[in-house]
Structure formats: structure tokens, C-alpha cells
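The values are calculated or read from the model by the stated rules, or taken from the named source; none is laboratory data. Being a predicted model, the structure only gives us computed values, none of them experimental. Cβ placement follows ideal geometry from the backbone for every residue including glycine, while neighbour counts extend to all protein chains displayed. These area figures cover heavy atoms from the full protein model, side chains too; ligands, DNA and RNA do not enter into them. Shrake-Rupley method; radii C 1.70, N 1.55, O 1.52, S 1.80 Å.
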Amino acid sequence: MTEIKKIRLSESITDVIKEMIAQEGFKPGDKFYSELVLAKKLGVSRSSLREALKILEVTGQVTIRQGKGIFVADLNDQRFKSFAAWLKNNEQSIKDNFEVRLIIEPKIAALAARHAGTDDVQKMRECSRSFAKYAAQQEIDSLIRCDREFHRLLAFASHNKTLYVLMKSMTTNLPYGWISSLHIAGRISKTITEHEQIYCAVTAGDGPGAEQAMNNHLTKAWEDVQIHLYG
């Protein structure tokens, strides 16, 4: 059995798991390692591992069966079918995610526009550039992490500790909105534009503009998810 070293934060958990499946001879239908065993093998937190497994499930690499474990999926299945099934199975969680975000994130953006410092703005700019780089490289899992980081940085820039803790918890434990929208064709390029609009409003100290830009971003992302769900 191939020994998998503990991965660094800069490495992709999804890539390492795919490597494990290939190198250790797992075949479609085989039961894979449990979450507990995987977390120990890779030296990562359970929350980070679960997010990676969600992404692998969306892209048709694994199947997660409640109460039974993780199974290697048939890689010949179409990715679209896997994603469509994942969307349908998680429809309520995705809807709940966007509803809550539409309530709090526009206000977070408005507060960030009023209170963001130079360092806050610089970190958001760097995050936006990283997102564009990952988009060009088509690195979906890195895009999802970067997208979540942008929203966390925005909450930090609001200088409201409660909102920051809330957003950090949502991005860590409830990543459904980010996973669902960024797998939809065309949404990545839209996100680049929409993040830029939010960033510009925050930089300009335009509270109402930042609030509107965030509302527009989340509304359009949710609309794209619904179109993918219902046609």
C-alpha cells in the first residue's frame, strides 16, 4: 500500500485522494477509507476532509452513502449527471445557505465599505487575483477555497467580530453555496466580475454600492443554481 504523506495547506486534498484511489488500486464500486482513517492518513481536519469529499462527489469521483461509507464511483459516468444528482440531493441545504447569506452578507459588505483599512483592502485584492489565476487554470477546488476566503476577508473588514465568526463558521461548515454555484458553466467568470464590483465599492467607501453589489452577486448565483436545478 502506498504511504501517503501528511499534506501541506498549499496542497489539494482532492488531488491527494484521487492519487490514493489510483495508486492503491481502488476500482469503481469499492468501499474507500472511512473519514476517520482518511483524516489520520492525510493529517487534515475532518471539516476540510468533508469539503474535499463533497467536491469529489460533485465531480463524480466518489459516492457517499449515508451510514455505509465512501465508495469509489464509476469514472466513466458523466460529470454533469453527478453534479445534477448532487444538486438535487442537497437542494434544501443550498437554498438555506443562500437565504441566510442574502440576509447578512449585503450588510457585511456595507460595513466593510465603511471600516475596511488598507491591509483589509490589500488582502481582498490579492484574493481576487488568486481567484482569477485559479480560474485560468480551471482548479475548481482551489477556486472554491479562494471564493470562501474572499467572503471571510470581507467579513473581517467589517470590523464586526460577531459577523466575522458567523461567516467563518458558514464558509467552513456549510460550503454548499460555494460548491454548487462554481460548478455551473459561466458562473466563474461572472463571479470574477461581481467580486470586482464589490471590491471597488468597498475601496471607494461606498456602503450602499457595496451592499447592492453583494446582493446582486448572491442573487445571480442563486438564480444560476435554480436554472441548473429546474431548467
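Only one residue of 174, 42, 195 has its Cα farthest out toward the positive end of the dipole of the chain, where Lys and Arg carry +1 and Asp and Glu -1 on Cβ, and that residue is 42. In degrees, nearest 10, range 0 to 90: what is the angle between the Cα axis of helix 161-173 and the longest Cα principal axis of the chain? Long axis of 161-173 versus the principal axis of the chain: about 30 degrees. Relative to the longest principal axis of the chain, what angle (0 to 90°, nearest 10) does the C-alpha long axis of helix 118-137 take? Long axis of 118-137 versus the principal axis of the chain: about 40 degrees. Estimated purely from DSSP H runs of n ≥ 4, each contributing -39500 (n - 2.57), the mean residue ellipticity at 222 nm for the chain is -23500 deg cm²/dmol once divided by its residues.
Among 88/123; 40/107; 68/88; 18/133; 161/190, which pairs are too far apart, with a Cα-Cα distance over 32 Å? Mind showing how you got there, number by number?
Numbers: 88/123 35 Å; 40/107 39 Å; 68/88 20 Å; 18/133 23 Å; 161/190 29 Å.
Violating the 32 Å limit, Cα to Cα: 88/123; 40/107.
Backbone phi angles across segment 42-53, fed through the Karplus curve with coefficients 6.51, -1.76 and 1.60 (θ = phi - 60°), yield HN-Hα couplings of 8, x, 10, 6, 5, 5, 5, 5, 5, 5, 4, 5 Hz in residue order; Gly and Pro are listed as x.
Would you mind calculating the relative contact order of the chain from Cα pairs under 8 angstrom and at least 6 residues apart, reporting the percent as a whole number?
21 percent
A dipole drawn for the chain from +1 and -1 charges on Cβ atoms has a positive end, and of 102, 16, 154 the residue lying farthest that way is 16. Put a dot 7 Å past the Cα of residue 65, heading toward its Cβ, do the same for residue 34, and the two dots end up 1.6 nm apart. Our coupling estimate for segment 86-96, obtained by passing each phi through the Karplus curve with A = 6.51, B = -1.76, C = 1.60 and θ = phi - 60°, is 5, 4, 5, 5, 10, 3, 5, 5, 5, 4, 4 Hz, Gly and Pro reported as x.
Of the solvent-accessible surface of segment 20-158, computed with a 1.4 Å probe over protein heavy atoms with every protein chain present, carbon and sulfur atoms account for 50 percent.
Ranking 214, 67, 165 by Cα position along the charge dipole of the chain, where only Lys, Arg, Asp and Glu carry charges on their C-beta atoms, puts 67 farthest toward the positive end. Counting only Cβ charges, +1 for Lys and Arg and -1 for Asp and Glu, the dipole size of the chain around its Cα centre is about 500 debye. Between residue 203 and residue 129, the FRET efficiency from the beta-carbon distance, with R0 = 22 Å, is close to 0.95. Along its first, second and third principal axes, ordered by size, the chain spans 55, 40, 32 Å in Cα coordinates. A straight chain from residue 115 to residue 227 at 0.36 nm per residue would run longer than the Cα-Cα distance by 36.7 nm.
Rounded to the nearest whole Hz, the Karplus-based 3J(HN,Hα) values (6.51 cos²θ - 1.76 cosθ + 1.60, θ = phi - 60°) of segment 145-158 follow the sequence 4, 5, 4, 4, 5, 4, 6, 5, 4, 5, 5, 4, 5, 5, with x at glycine and proline.
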